[in-house]
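First up is the structure itself, then whatever we jot down about it.
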Amino acid sequence: MPHSSSRRHQVPDVKNQVEIQVGLVGDAQVGKTSLMVKYVQNIFDEEYTQTLGVNFLKRKINLRSTDIVFSLMDLGGQREFINMLPLASVGSSAIIFLFDLTRPETLDSVKEWYRQVYGLNNLAIPILVGTKYDLFIDMDKEYQKQISNTVLEYANVMNAPIIFSSTAKSINIQKIFKVALSKIFNLTLTIPEITRTGDPLLIYKKFGNQDRKSSKITTSSSQSSSSPASVSVSPRKSKSTITSS
Ligand SMILES: Nc1nc2c(ncn2[C@@H]2O[C@H](COP(=O)(O)OP(=O)(O)OP(=O)(O)O)[C@@H](O)[C@H]2O)c(=O)[nH]1
Ligand SMILES: [Mg+2]
């Protein structure tokens, strides 16, 4: 069948597309919805609207020749929505645990959020995000130091990268998702870490790697079952389609 040489060399414009689900959990008013809306729509609203149940947004980004679709699941932080935690946990490749840097009790709650999530999905990569850094920066230096030290202890136990962020002032927002992506696909990230107390911390190199040992925090469901949780982690298996540089 005759056809021109230019046609013969045309490559079909078909991209790989990978969808990865990421859950956002944490106490009420820590800033989960704000972070998700900022990341997807670049909008920040000072007014609080309580999330009733689960919010869901998607954002597509490009990585080499692959489209990555982030499917973000944001669970309302009020206790009454805890029965919907499986929607944000099961099937997620990473779970972002958010706490408000100005309210230490919300960091304390991360323990319980982590325990609950781990019981549903012990394969997801945990990421620890301190929110409202714009307010935290004006707080007492000793308080800042104490919080930062406690966050490091949590990160060690959870094996979770740490990111301090401000949605209001657009600090470290994109980086949260870059870190998530790099951990899910085992890619090398070249963003410099920020480790000095008082700065918007970004510590990710030693935490959340796929060769990580399982966490010390156990739950009754994980103790009673010797098989891994039945969740979809297909993006982690398909890392061969995306190589790190
Ligand atoms: N100053 C400041 N305020 C923020 C920031 N992020 C969120 N807020 C405010 O904090 C309040 C709560 O934010 P939301 O995003 O609604 O909190 P949430 O975690 O989704 O709350 P629930 O839906 O109840 O679980 C809102 O008034 C936001 O405007 C931030 O980075 N800095
Ligand atoms: Mg919300």
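Only the coordinates and a few stated rules stand behind these numbers; no lab work does. Source: prediction; values computed, not measured. FYI the Cβ positions are ideal-geometry reconstructions off the backbone, even for glycines, and counts take in every protein chain you see.
Numbers at a glance
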read-out	value
13 Å beta-carbon shell around residue 189, net charge (K/R +1, D/E -1)	+4
Computed FRET value (nearest 0.05) for residue 139 with residue 111, which takes r as the C-beta separation and R₀ as 25 Å	0.65
Dipole magnitude (debye, nearest 20) for the stretch 4-138, charges at Cβ of Lys, Arg, Asp, Glu	900
Karplus (6.51, -1.76, 1.60) ³J(HN,Hα), θ = phi - 60°, over the stretch 154-169, in Hz, Gly and Pro reported as x	4, 4, 5, 5, 7, 6, 10, x, 10, 9, 9, 9, 9, 6, 4, 10
Nonlocal amide H pairs with residue 73, under 5 Å, H built at 1.01 Å	22, 23, 24
Cα centroid separation - the stretch 59-81 against the stretch 118-159, whole Å	21
Of 38/141; 175/206; 145/183; 178/206; 15/38; 132/175, those spanning more than 19 Å from alpha-carbon to alpha-carbon	38/141; 145/183; 15/38
Environment charge at residue 37 (Cβ cut-off 14 Å; Lys +1, Arg +1, Asp -1, Glu -1)	0
Separation of alpha-carbon centers, the stretch 161-212 and the stretch 87-102, rounded to whole Å	14
Amide H contacts of residue 63 (H built 1.01 Å from N, under 5 Å, at least 5 apart or other chain)	68
Residue-wise HN-Hα coupling along the stretch 198-210, computed from phi with Karplus coefficients 6.51, -1.76, 1.60 (Hz; x: Gly, Pro)	x, 8, x, 3, 9, 10, 9, 5, 8, 10, x, 7, 6
